[in-house]
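In what follows, a structure is listed as structure tokens, so that the remarks can point back to it.
The values are calculated or read from the model by the stated rules, or taken from the named source; none is laboratory data. From a predicted model like this one, the values you see are computed outputs, not experimental measurements. Using ideal geometry, Cβ is built from the backbone for each residue, glycine included, and neighbour counts are taken over all protein chains shown. Heavy atoms of the whole protein, side chains included, go into the accessibility calculation; ligands, DNA and RNA do not. Shrake-Rupley method; radii C 1.70, N 1.55, O 1.52, S 1.80 Å.
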Amino acid sequence: MSEAKKTIFSGVQPSGKLTLGNYLGAIRNFPILQEEYNCIYCVVDMHAITVRQDPAMLRKQTLEVLAQYIACGLDPEKSTLFIQSHVPAHAELAWVLNCYTMFGEASRMTQFKDKSSKHADNVNVGLFDYPVLMAADILLYQTDMVPVGVDQLQHIELARNIAQRFNGVYSDTFVMPEPYIPKAGAKIMSLADPTRKMSKSDENQNSFVLLMDKPEDIMRKFKRAVTDSDSRIIMSDEKPGVSNLITIYSLATGKSVDEVEKEFAGKGYGEFKPAVGEAVVELLRPIREKTEDLLRNKDYLESVYREGAGKAAYAARKTLDKVYRKVGFVKR
Ligand code: ATP
Ligand code: LTN
């Protein structure tokens, strides 16, 4: 990993199947960055167990996310791709950072509040500590930029606060990470309720499109997408459903919002919704096919995550050693 290039880090949880929201908000940007930066992309399986997971499914989904990283354009020769639990430094740094994170600031995290109300029977300490582990992920690699959807902004701010506090006590140790949030697509909304984020853990299967969905399912979900009674196809705060579809269509086709509005001026949902569906089918087709190919080649995936973990562990160790020295641990 070159010293001169800036470092990018991001992670995706293998907590389910990836959605169009995950792709348009985050993963779509990963390959664009790999040409210019030192990029590290992780499958954050340790984050995923903050919510109860079926072990066999978790193993399967972890490989699936890795395969989808590659299918979406990440090149293991250019980017470091690995699985979080393979690099113990994440858990080790998270412990230290726990001691520099205030209970009050962790309590303010909205994702914790949302997830603890959703999983009221399992409000475990890991769920509360989730953002500290995420701060460790980011700070371990002296990350300059973190590409994520807008829902993760609060967690990145927490990571910055923790870094600043630690740097203040012990002199500069961590680089201050900046969020990298796309102008369009940072928050793709549910197709069933456009006031809510599209989320892979939504119970309503029609609310999200999965990267692995079959074309006929994608078409059905878009045809059913909730819009409103005024049938104009324009971007407007009063029309969250249509605005969401315009954003998706614009990103899938590369057309600007203006162009989309012109294309569908005077036309109704009957024409617009299937057009969005078809554009998404074409956007996702190569990703689905490549993912299926990769999943048939487990040896290759294993070689990618093994090599990735080796590279990541080397970089992570450097930061962890520095941190251990600064806090006063005896050198081993
Ligand atoms: P869950 O739905 O179970 O809460 P998630 O999909 O929000 O999970 P991750 O899989 O870890 O959580 O998210 C991976 C990346 O996708 C993050 O950068 C996140 O900000 C982004 N992301 C998730 N949902 C959306 C969305 N609806 N629109 C845009 N970006 C999203
Ligand atoms: N919290 C993120 C996933 C995540 C992440 C990270 C993202 C874990 N560690 C480090 C960026 C950088 C999520 O739920 N979307």
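Looking at Pro182 and the list (1) within 12 Å of ligand 1 (Cβ to nearest atom); (2) at pLDDT 95 or above, which single condition is not satisfied?
Going through (1) within 12 Å of ligand 1 (Cβ to nearest atom); (2) at pLDDT 95 or above one by one, Pro182 breaks only (2).
Quick check: anything in segment 145-164 in contact with a strand residue (DSSP E or B) (Cβ under 7 Å, 6 or more places away or on another chain) and either of a type in the set (Lys, Arg) or more than 12 Å from ligand 2 (Cβ to nearest atom) (or both)?
Among the residues of segment 145-164, not one is in contact with a strand residue (DSSP E or B) (Cβ under 7 Å, 6 or more places away or on another chain) and either of a type in the set (Lys, Arg) or more than 12 Å from ligand 2 (Cβ to nearest atom) (or both), which makes the answer no.
Residue by residue through segment 35-68, note down the ones that are among the hydroxyl-bearing types (Ser, Thr, Tyr) and within 15 Å of ligand 1 (Cβ to nearest atom).
Tyr41, Thr50, Thr62
For segment 81-128, what are the residues that are of a type in the set (Val, Ile, Thr) and touching a residue at least 40 places away in the same chain (Cβ under 8 Å)?
First, pick out the residues of segment 81-128 that are of a type in the set (Val, Ile, Thr): 83, 87, 96, 101, 110, 123, 125.
Once the filter is applied, which keeps residues that are of a type in the set (Val, Ile, Thr) and touching a residue at least 40 places away in the same chain (Cβ under 8 Å), segment 81-128 yields Ile83, Val87, Val96, Thr101, Thr110.
Considering only residues of segment 1-23 that are of a type in the set (Ser, Thr, Tyr) and farther than 11 Å from Val148 by Cα, which is nearest to ligand 2 (Cβ to nearest atom)?
The residue in question is Ser15.
Which count do you get for residues in segment 80-120 that are of a type outside the set (Gly, Ala, Ser) and assigned to a helix (DSSP H, G or I)? Full working, then the answer.
Within segment 80-120, the subset of a type outside the set (Gly, Ala, Ser) is 80-84, 86-88, 90, 92-93, 95-103, 105, 108-115, 118-119.
Next, only the ones that are assigned to a helix (DSSP H, G or I) stay: 84, 86, 90, 92-93, 95-98, 103, 105, 110-115, 118.
Within segment 80-120, residues that are of a type outside the set (Gly, Ala, Ser) and assigned to a helix (DSSP H, G or I) number 18.
Do you know which residues across segment 110-153 are open to solvent by 20 Å² or more (accessible area, probe 1.4 Å) and touching a Pro at 6+ places or on another chain (Cβ under 8 Å)?
Within segment 110-153, Gln111, Phe112, Asp144, Met145, Gln152, Leu153 meet the criteria.
Of these, Thr80, Thr50, which one is within 14 Å of ligand 2 (Cβ to nearest atom) and open to solvent by 10 Å² or more (accessible area, probe 1.4 Å)?
Answer to the check: Thr50.
Just the residues that are in contact (Cβ under 8 Å) with a residue 24 or more places away in the chain, assigned to a loop (DSSP other than H, G, I, E, B) and open to solvent by 40 Å² or more (accessible area, probe 1.4 Å), please, taken from segment 215-231.
Val226, Ser231
Tell me the residue from Ala91, Ala26, Ala56 that is surrounded by fewer than 18 Cβ atoms within 10 Å (Cβ to Cβ) and within 16 Å of ligand 2 (Cβ to nearest atom), please. Before you say what the answer is, go through the steps one by one.
Details: Ala26 fails: surrounded by fewer than 18 Cβ atoms within 10 Å (Cβ to Cβ); Ala56 fails: within 16 Å of ligand 2 (Cβ to nearest atom).
None of the others qualify; the one that does is Ala91.
Have a look at Arg160, Arg165 and point out the one that is open to solvent by 60 Å² or more (accessible area, probe 1.4 Å), assigned to a helix (DSSP H, G or I) and closer than 17 Å to Ser10 by Cβ.
That would be Arg160, the only listed residue that is open to solvent by 60 Å² or more (accessible area, probe 1.4 Å), assigned to a helix (DSSP H, G or I) and closer than 17 Å to Ser10 by Cβ.
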